[in-house]
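**Q** Let me begin by handing over the structure; questions about it come next.
The values are calculated or read from the model by the stated rules, or taken from the named source; none is laboratory data. Because the structure is predicted, anything quoted here is derived from the model rather than measured. All Cβ positions, glycine included, derive from the backbone under ideal geometry; neighbour counts span all protein chains shown. In case anyone asks, the SASA skips ligands and DNA or RNA and just uses the protein heavy atoms, side chains included. Shrake-Rupley method; radii C 1.70, N 1.55, O 1.52, S 1.80 Å.
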Amino acid sequence: MDNLKRTALADEYQKYGGKTVDFAGWFMPVEFEGILKEHEAVRNNVGLFDVSHMGEITVKGKDALAFVNYLITNDLEKIVDNQVLYTYLCREDGGVVDDILVYRFGEEDILLVVNASNTDKDFEWVKSNKGAYDVTIENVSDETAQIAIQGPNAEALLQVHTETDLSEIRFFFAKRDVMIDGIKCMVSRTGYTGEDGFEIYLSNDDVVELYTNLIEDGALPIGLGARDTLRFEANLPLYGNELSDDWTPVEAGYGFFVKVDKENFIGKEVLAKQKAEGVSRKIVGFTMSDKKIPRHGYKVFKEDKEIGFVTTGYKSPSLGEIIGLAMVDVEYAKIGTELDIQIRNKMSKATVRNRKFLVK
């Protein structure tokens, strides 16, 4: 794995027993003390993630707000400075280029946080749609480290390390120039686990010190395995699973983040039509009747007719049930509908259920 990209924390993984994998070209830990233990730590206490592989793209200049709002499906004009917006970059046909977070620090100062596997693609997409907008676009991913502290005790643990009152950082807001253990950071409160917590953006030079301090103070290091089970239980999409350039966010069931009443944006015509007229397929939740686990891409059937495919399937650590998400033809999307999922050339029964797996 010598040819993989490495975060500034890559040399730290082994100290904590990290098992590493190739993740979208990055050398990353899949687990430290076991996915189940790490999952439960975030649900019940506090865990720490290295997410420095995520991409960061700045958009600055006179037309920054208008330009970014043209790129995305959500409405950046509806939020205030220092607020964060979840949204999609879409193609003209509505296919998803990526799902991203947009940090609005001012009308001329905006940060896009994008998926690691899509950073280069997204950067080129943003630049290619610049047109006549007066903006400067810069990929600052290589100089930016990011760690995420998540769990019901995240605020209490992190508060010991800073004089900033973390309770004043509201959900989906950010604050710059927060000193944590004497290190200047930008802190936001979004999360990808279904739990409370913070994202800490800082320089590569400082991240090892802070990562170490938080672990020594009780945060358990968490790998990509638990990150996936946590986000899945919370019905948070993963690009390449629930989101793709082959279907739209409306088909994926995330139409709430598509604001078709705003002025023109890329993909608006197709997405507005889908929201008005409905879609022919959609992603549903399901529960398995047996103990077999359906994986991404497994085929879904109804009475010998192929009607879709699994996007994610797991045995839920929190529920103890085998559950999943699947894209199916809309006529089979009603809660209670029985489906068949092909697992190793045999059919297993599943029942459509609400996607809100965790009711908190």
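**Q** List, in the order given, every pair from Lys121/Lys305; Lys268/Lys291; Lys259/Lys305; Lys19/Lys292; Lys262/Lys305 whose Cα-Cα distance in the structure shown is over 31 Å.
**A** Lys121/Lys305; Lys268/Lys291; Lys259/Lys305; Lys262/Lys305
**Q** Could you pull out every residue, at least 5 positions away or on a different chain, whose amide H is within less than 5 Å of the one on Asp196? Hs are placed 1.01 Å off N in the peptide plane, and Pro or chain starts have none.
**A** The answer is Gly151.
**Q** Please find the FRET efficiency linking Asn213 to Arg6, where r is the Cβ-Cβ separation and R0 is fixed at 30 Å, and quote it to the nearest 0.05.
**A** After rounding to 0.05, the efficiency reads 0.90.
**Q** Just to verify a number: what accessible area does His296 come out at with the full protein assembly present, 1.4 Å probe, Å² rounded to tens?
**A** Near enough 100 Å² of accessible area.
**Q** Relative contact order (percent) for segment 248-360, with alpha-carbon contacts under 8 angstrom and 6 or more residues of separation?
**A** Taking the mean separation of contacting Cα pairs over the length of segment 248-360, I get 27 percent.
**Q** Mind listing the phi-derived Karplus ³J(HN,Hα) values for segment 105-120, rounded to whole Hz, using 6.51, -1.76 and 1.60 with θ = phi - 60°, and x for any glycine or proline?
**A** After applying 6.51 cos²θ - 1.76 cosθ + 1.60, I find 8, x, 5, 10, 9, 10, 10, 9, 10, 10, 5, 4, 5, 10, 4, 5 Hz.
**Q** When the helices in the chain are scored as -39500 (n - 2.57) per DSSP H run of 4 or longer and the sum is shared across all residues, what 222 nm value do you end up with, to the nearest 500 deg cm²/dmol?
**A** -5500 deg cm²/dmol
**Q** What is the magnitude of the charge dipole of segment 1-92 about its Cα centre, with +1 placed on the Cβ of each Lys and Arg, -1 on the Cβ of each Asp and Glu, and no other charges, expressed in debye to the nearest 20? Working shown, then result.
**A** Details: 10 positive and 15 negative charges, 14 e Å.
Roughly 60 debye, rounded to the nearest 20.
**Q** Estimate the FRET efficiency between Glu33 and Arg170 by the formula 1/(1 + (r/R0)^6), using the beta-carbon distance for r and 35 Å for R0, to the nearest 0.05.
**A** Efficiency, rounded to the nearest 0.05: 0.60.
**Q** For the chain, with every protein chain kept in place, what is the accessible area per residue (1.4 Å probe, Å²)?
**A** Using a 1.4 Å probe on heavy atoms only, each residue of the chain averages 44 Å².
**Q** Which whole-number percent is the relative contact order of the chain (Cα, under 8 Å, 6+ apart)?
**A** 17 percent
**Q** While we're looking at this one, here's another question. State whether segment 51-139 is rounded, prolate or oblate according to the following rule on the C-alpha gyration tensor (a ≥ b ≥ c being the square roots of its eigenvalues): a/c under 1.5 gives rounded; otherwise a/b larger than b/c gives prolate, and the remaining case gives oblate.
**A** Taking the square roots of the gyration eigenvalues as a ≥ b ≥ c, segment 51-139 is rounded.
**Q** Let me know the charge dipole size of the chain about its Cα centre in debye, to the nearest 20, where only the beta-carbon of Lys, Arg (+1) and Asp, Glu (-1) is charged.
**A** 1620 debye
**Q** Quick one: what Rg and Dmax do you get for segment 233-360 from the alpha carbons, in Å?
**A** 15.1, 49
**Q** Would you mind checking which residues have amide H under 5 Å from Ser244's amide H? H placed 1.01 Å from N; only 5 or more apart, or other chain.
**A** Val96
**Q** Give me the percent of accessible area attributable to carbon and sulfur for the chain, probe 1.4 angstrom.
**A** Solvent-exposed carbon and sulfur of the chain make up 47 percent of the total.
**Q** Amide H neighbours of Arg353 under 5 Å, counting only residues 5+ apart in sequence or on other chains, H built in-plane at 1.01 Å?
**A** Residues meeting the criterion, in which the H sits 1.01 Å from N, are Gly285, Phe286, Thr287, Gly336.
**Q** Quote the relative contact order of segment 1-98 in percent (integer), defining contacts as alpha-carbon pairs under 8 Å separated by 6+ residues.
**A** Computed over segment 1-98, the figure is 15 percent.
**Q** Here are a few candidate values for volume of the Cα convex hull per residue in Å³: (i) 138; (ii) 162; (iii) 280. Which one was actually calculated from the structure I just gave you?
**A** Answer label, from the structure shown: (i).
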